[in-house]
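So the structure is just underneath, and the comments pick up after that.
Each value in this text was obtained by applying a stated rule to the coordinates, not by laboratory testing. The structure displayed is predicted, hence computed values, not measured ones. Please note: Cβ atoms are built from the backbone with ideal geometry, for glycine as well, and neighbour counts cover all protein chains shown.
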Amino acid sequence: MLTAQLLIQGLITASFYALAGVTWGIIYRTTLTFHFSHQLVFTVAGYTAALLTTELGLHFLLAFFCSLAAAIALGCSIDAFLYRKLREMGATKATTFLSSLGFATAGTAIILLLFSSNPRSLKGFPAKTLSLGDVFFTTADVAMVAISLLSVGLLLLFLRKSRYGKVIRAVGSNREMARNLGLDINKVYLVVYAIGSGLFGVAAFLFTLKNVAYPTMGIFPFFMSFTAVFLGGINSIAGHALAGFILGMAENIGMIILPGEYKIMIAYGILFIVILIKPEGLLGSKRG
Amino acid sequence: MDYVYHILILVIMYAILVQSLNLIMGYVGVISMGHAVFSGIGAYSAALISIHLGYNFLVGMAVGFVFSAIVGALLALPSLRVRDEYLIVFTVGFQMVVFEFMLTARGITQGQAGIPGIPPAEIWGISFDTPLRFLPLLVIMGLICFAVARRVIYSPFGRVLKAIREDESASRALGKNTLSFKVLVFALSGGLAAVAGSLMAHYISFISPFSFTIEVSVFIIVMVVLGGEANFWGPIMGAAILMGITEALRFVPGASSYIDAAREIFYGLILMFLMIFRPQGILPEHSKRLRRVSLPEGLLSKEGAAASPERVRDVPGPSDGENQEPILEIQGLSKSFGGLRAVADASLKLYPRDITGLIGPNGCGKTTLFNMANGFMDSDGGAVYVRGKAVTGLAPYKLVTQGLARSWQDVRVFKGMTVLDNVMVARPSQTGENLFLLFSHPGRVAREERENYRAALEYLQLVGLLDKAGQLAGSLSNAEQKLVAIARLLATECPILFLDEPTAALDIDSLERVIHLIQEIAVRKEKTILLVEHNLDVVRGLVKKAYFMSEGKILAEGEPAKLMADPKLAEVYFGID
């Protein structure tokens, strides 16, 4: 029964990582910016949800939309005010990465300064423990699996079927061509940051629902999201989701033999092996 | 007074750490997010060896150095197969994994409680147990580390590192095994960071995982960037300023409760704004002044031979082909992308000192054939022979040692290096590119460097750029950069040169100069040249024999004028339906 419980836990973590993976993936694939401040978007969204329900007594559904809005606003601002300026200056990828690293470091510390390191929880969600035979899980877990998988599915559908989704994919595949077609690259980037940040905000809300908000809460989900992107293959958003899912399952199945502290090593080990065998990633294509 | 010494000690310790990261970040242009952990490896090695085994601190330091160097080398290995961004991923992962290990492997590291009671460093009964006594030891160790870094930076090895930073593919095309350079510099960087870590362990006498967090890694990165990447003195500047600020913050009244957060905010903002307003840091890599290049006797700093009237000497003219052995032979190379056959069974022969053309319409497979022949792309079938020896599938850097080098259509000079360094870096088989011989045979390295210097200036004279030797290649005009690229190619001393559209995007004057130069090097430098070219006038002027390619196949060979007179080929070339 322990195995069944771990499989369920695996499914929960896997859904969460799949969502985390595509949020950074769509940004990286399209803009090729190593958006390190993505972790801050997560933290800000989580705090927004927690503080609005506890301090202002907002309904948790309302808080959900507020944290979504906060994530989108922050992600888009970073692109519009920081990355765009760096792009116009012709900054290298490394320069942009460092700048993003600086912003994330400062931002995390500001949150620590404002709200201290005490964890904040989200109030008002009907938290209940459910059981399926001997396997236990909570309503928060159900929400996490359902909403994560739904979000991933909708994003993939949007990118495949909608006109704008195709535009985004075109920009990611061939910037020059997209520019020659007269597309406003800055606008496309902004939309991509809105989608990626918004969905990471959703992930942050689900995370806070299940756990608590704290200043460095974004680091680990962010680590998993970019690990999933490189594992899945930079070009393939579906690959990011698949890789996130595999990382989540592996982490929990790994716990049968390894203590929980080693979950990063499992992720890292998988990435290392896959890159040795297939450097372009699980579903990645060779070029790019 | 001890407090002043203490700050000085911290600055020097960080300066070593920052210099070690500078080797990677500044010179190779790769970001390591786990540098704190390298110093952690050094610190734990020092602590465990001195406490459990009671050995001298130098033993612990050496073990830490070796261990950390091995780990560093392993971390650089994935760059064999993937792009540099992956190194960010792997170093972040490395940072998190080792930090986690320090926290959880209580049997070894005593977990988050840390290891107290590390004995002070000691030599010949002298114990370096107070800041004042420790300071001289640290200064000596610091000087050694900086001397090592300096030797590496200003050597042929360091020059290759910069070339890798500027353009890794172009470096490989010059015969540099870039992976081994990366692995070695990661190892050296990790090792030096471990030295700093082991000194810290003995000085503070207590270590815990929290001294080696990702925040510390970021802190070191900020120091590198603030001081100035790829500047030898930058690390001291960066470490001094940031440690100074850190210590000054302690004196802000009531600051103790929020000092850590305030520090983080401060560093983060410095990093962010620095990238926007002064990405080169306080001390930039290149000062504004031009580097003066002193000219050895016999070289005149006027326009070089390319423009001089001295004409070609009476050397045996280009061969008449068939009665000679080909110096390079391509047999039936093929390549498919998906269903598309980009190159189908293409064969050609190059004879010594000939200029041979490869022409054809856009997308005919010229570039693919070119890339397969010089090792930048795997072929599906076929073979390449240099002087009858099979070289099929060799890595580009190995092909250079076989005598085959290439140029790039998009030029690819090393923009952030001087013109002189662009040419010097291309010189073959350098003792000073071996990290060990660099230290063991300083005389040989210096002798070779003098030769390189002279050879490089001669090539610059040949292309007529002697007066620009000290300028950054990126500051030159497009035409001049093409000339730099030709001088760089010649400096490889390869007898077979592949030129990829050397005259693309040139104005008429520069065009003639380059055409003239190509003739000149074929005859005077006795080079065999394969020329991929779009401009038919150029081909007609330079080439006796050309291969005509279309849709992946070689359709015809012969004199360019005759080829172009063939109405069928002209139709293919000009796309007249």
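Please state the equivalent ellipsoid semi-axes for the stretch B:458-577: what are the square roots of 5 times the Cα gyration tensor eigenvalues, largest first, in whole Å? Each step should come with its number before you reach the end.
On the way: eigenvalues 184, 49, 27 Å².
Square roots of five times the eigenvalues give 30, 16, 12 Å.
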In deg cm²/dmol and to the nearest 500, what is the mean residue ellipticity at 222 nm of chain A if only DSSP H runs of at least 4 residues count, each as -39500 (n - 2.57), divided by the residue total?
-24000 deg cm²/dmol
Whole-Å semi-axes of the stretch A:2-216's equivalent ellipsoid, largest first, each the root of 5 times a Cα gyration tensor eigenvalue?
32, 22, 14
If you place +1 on the Cβ of every Lys and Arg, -1 on the Cβ of every Asp and Glu, and leave all else neutral, what size is the dipole of the stretch B:328-574 about its Cα centre, to the nearest 20 Debye?
560
Two-site label geometry, A:Met177 and A:Ser77: point separation in nm, points 7 Å out along Cα→Cβ
3.7
Just to be sure I follow: if Rg is taken over the C-alpha atoms of the protein assembly as shown and Rh is the Kirkwood radius over the same atoms, what is Rg/Rh?
1.01
Say R0 is 25 Å: what FRET efficiency, to the nearest 0.05, do B:Val66 and A:Thr216 get from their beta-carbon distance?
0.15
Under a point-charge model restricted to the Cβ atoms of Lys and Arg (+1) and Asp and Glu (-1), what is the dipole moment magnitude of chain B relative to its Cα centre, in debye to the nearest 20?
820
Given the stretch B:103-244, report the % of alpha carbon pairs whose separation exceeds 19 Å.
64
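Checking understanding here: applying a Kyte-Doolittle mean of at least -1.0 and a length along the axis of at least 18 Å (C-alpha), which whole DSSP H helices in chain B pass?
Details: long enough: B:2-22 (29 Å, 1.48); B:35-48 (20 Å, 1.11); B:57-76 (28 Å, 2.41); B:85-104 (29 Å, 1.52); B:131-153 (31 Å, 1.81); B:178-204 (39 Å, 1.48); B:214-227 (20 Å, 2.74); B:234-249 (23 Å, 1.46); B:259-277 (26 Å, 1.68); B:442-463 (31 Å, -0.84); B:478-491 (20 Å, 0.60); B:508-524 (23 Å, 0.52).
Within chain B the helices that satisfy the rule are B:2-22, B:35-48, B:57-76, B:85-104, B:131-153, B:178-204, B:214-227, B:234-249, B:259-277, B:442-463, B:478-491, B:508-524.
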Could you work out the longest stretch of chain B that avoids the trypsin sites (Lys or Arg not before Pro) located in DSSP loops with at most 16 other Cβ atoms within 10 Å?
B:84-249
Quick one: among A:Ile234, A:Ile185, A:Ile273, which has the greatest mean-square fluctuation in a GNM of chain A with alpha-carbon springs under 10 angstrom?
A:Ile273
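Does the stretch A:47-170 come out rounded, prolate or oblate by the C-alpha gyration tensor, with a ≥ b ≥ c the root eigenvalues, rounded set by a/c under 1.5 and, if not, prolate when a/b is larger than b/c and oblate if not? Don't jump to the answer; show the numbers that get you there.
Numbers: a/c = 2.35, a/b = 1.35, b/c = 1.75.
Cα axes put the stretch A:47-170 in the oblate bin.
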What residues of the stretch B:344-381 lie in the reach of a label at B:Glu571, counting those whose backbone N is under 18 Å from a point 7 Å from the Cα along Cα→Cβ?
B:360-362
Chain B - Debye-derived log10 I(q)/I(0), Cα point model, q = 0.07, 0.10, 0.12 Å⁻¹
-0.52, -0.89, -1.12
Compute log10 of I(q)/I(0) for the stretch B:328-574 with the Debye formula, placing one identical point scatterer on every Cα and leaving out solvent, at q = 0.08, 0.10, 0.12 Å⁻¹, to two decimals.
-0.32, -0.50, -0.71
Dipole of the protein assembly as shown [Lys/Arg +1, Asp/Glu -1 at C-beta], most positive-end residue of B:Val343, A:Phe42, B:Ser510
A:Phe42
Once you place label points 7 Å from the Cα toward the Cβ at B:Ile140 and B:Thr401, how far apart are they in nm?
4.0
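Roughly how big is chain A's charge dipole about its Cα centre, with Cβ charges of +1 (Lys, Arg) and -1 (Asp, Glu), in debye to the nearest 20?
Values: 21 positive and 10 negative charges, 187 e Å.
For chain A, the charge dipole is close to 900 debye.
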Do any chymotrypsin sites (Phe, Trp or Tyr not before Pro) in the stretch B:139-219 lie in a loop, going by DSSP, with at most 15 other beta-carbon atoms within 10 Å of their beta carbon, and if so which?
B:Tyr154, B:Phe206
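How big is D for the stretch B:391-467, in µm² s⁻¹ as a whole number, if Stokes-Einstein is applied with the Kirkwood radius of its Cα pairs at 25 °C and 0.890 mPa s? Show your work: numbers first, answer last.
Details: Rh = 14.3 Å.
Translational diffusion coefficient: 172 µm²/s.
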